[in-house]
Structures are given as structure tokens and as C-alpha cells.
Amino acid sequence: MRSLRITLCAGAMVAAVFTPTAHAADAGVRVTPASPAPGSDVQLRATGCAGQTGTAKSAAFVADAQLTGKDGALAGETRVPTSLQPGTYDIKVSCDGHDDKIKGSVTVAGGSAGPSAAASPVAPVHAGGGGAATQLAMVDARQTGPGTWHAVIGLVLASVAAVAVAVRSARRSRHGDARD
């Protein structure tokens, strides 16, 4: 019984040692469609990344492709420039900011992708306050909140309410509670 346990543990240890090597052998980049035309959108799938995010860079892309995923498989999309000449272009993938040596290539076909839907941003700008940030900084702080007049009006209204409650309480205490 003891020798069976040792054999199973040794087998599990060997499998654990050789699993990363087998996984690294599958590392690569797959492009869909395999031979895109200039101006077309492409989907990328990178295998062999240790992290959950990555970036695919190539001269065949309008912008670097941002890749996301898990379990060693990352996916993303980008576009091939309309002015790109046909040919084979290298793709290099960095995972979680590290150069993981995952490489591939894409063969751009001749011709054009033809008319397509309206272009959407491939790498949009991280938006913040936009152009309004400078306008908001120029506003005088004394003009933005309630002023002195607002405070005076609030105090007058609060005083009127307090007097009304006091008068009503005084009337009830003089006449007694007539609800018997």
C-alpha cells in the first residue's frame, strides 16, 4: 500500500514538472481572418501568457491590440490600416507588461476590405473632465455655493417656524387638551 502511494505521488510530481513545458510549447498568436485585407478588422488570440492582460504589437495594426483573458489564453481585436502594403508582418505579444517572447505573424492580402460600417475608435482616449476642466477651474468659489442672502432667508424661515410652534404650544397649554 505504501509503495502505491509513493508511485502515485511520484507520477503527480513528474506531471507537474512537465506541464509548464507542454503549455509553453503551445505559445503563439492566431489571427482571424488568417489573411486580412487592408482596412479590415482582425481578432487575435494569444496562448502561452501567464497573466490576464497583454498587448500585441505589429506594423500591420493601426494601434496596439489590448488583450484580455485568463488561463494562458488572451484575446483582442484591432484593425489593419487601409494603406498597408500586402506582405507578412511580425506580431510580438507582451503579457502583463513583460516581454514573454510570444510571437506570431500575419499575412496581409492584396486588395481592400471594401466598404464597411462606420469606423469606431480602436484605441480610444481615456476620457476625464474633457474640455470642461479648464472652465470649472476658472469659476470663483464665492459664486458657487449659497451666499449671505441665502443664509439670512433660511434663518428667517426657521425663526417663523419656531414662533409658530411656540404659539401653538402656548395655546394648548392655556386651554388644556379639549379632545377628551
Problem set entry | Given (1) of a type outside the set (Val, Ile, Thr); (2) closer than 14 Å to residue 98 by Cβ; (3) within 14 Å of the chain's Cα centre (by Cα), index of the condition residue 69 fails | (2)
For this session: Inspect the stretch 74-81 for any residue being at pLDDT below 90 and open to solvent by 30 Å² or more (accessible area, probe 1.4 Å) and give the result as yes or no.
Result: no
Exercise. Across the stretch 45-73, what is the number of residues that are assigned to a strand (DSSP E or B), open to solvent by less than 10 Å² (accessible area, probe 1.4 Å) and in contact (Cβ under 8 Å) with a residue 40 or more places away in the chain?
Worked result: 2
Exercise. Do you know which of the residues in the stretch 33-43 that are assigned to a strand (DSSP E or B) and within 13 Å of residue 91 (Cβ to Cβ) is most open to solvent (accessible area, probe 1.4 Å)?
Worked result: 43
Problem set entry | Failed item in (1) on the phi > 0 side of the Ramachandran plot; (2) at pLDDT 85 or above, with residue 111 passing the rest | (2)
Exercise. Restricting attention to the stretch 122-141, does a residue exist that is farther than 30 Å from residue 71 by Cα, β-branched (Val, Ile, Thr) and either surrounded by 10 or more Cβ atoms within 10 Å (Cβ to Cβ) or at pLDDT below 90 (or both)?
Worked result: yes
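The values are calculated or read from the model by the stated rules, or taken from the named source; none is laboratory data. Since the structure is predicted, the reported quantities are computational estimates derived from the model, not experimental observations. Heads up, the Cβs are rebuilt from the backbone with ideal geometry, glycines too, and the neighbour counts pull from every protein chain shown. SASA here: full protein model, heavy atoms, side chains in, ligands and nucleic acids out. Shrake-Rupley method; radii C 1.70, N 1.55, O 1.52, S 1.80 Å.
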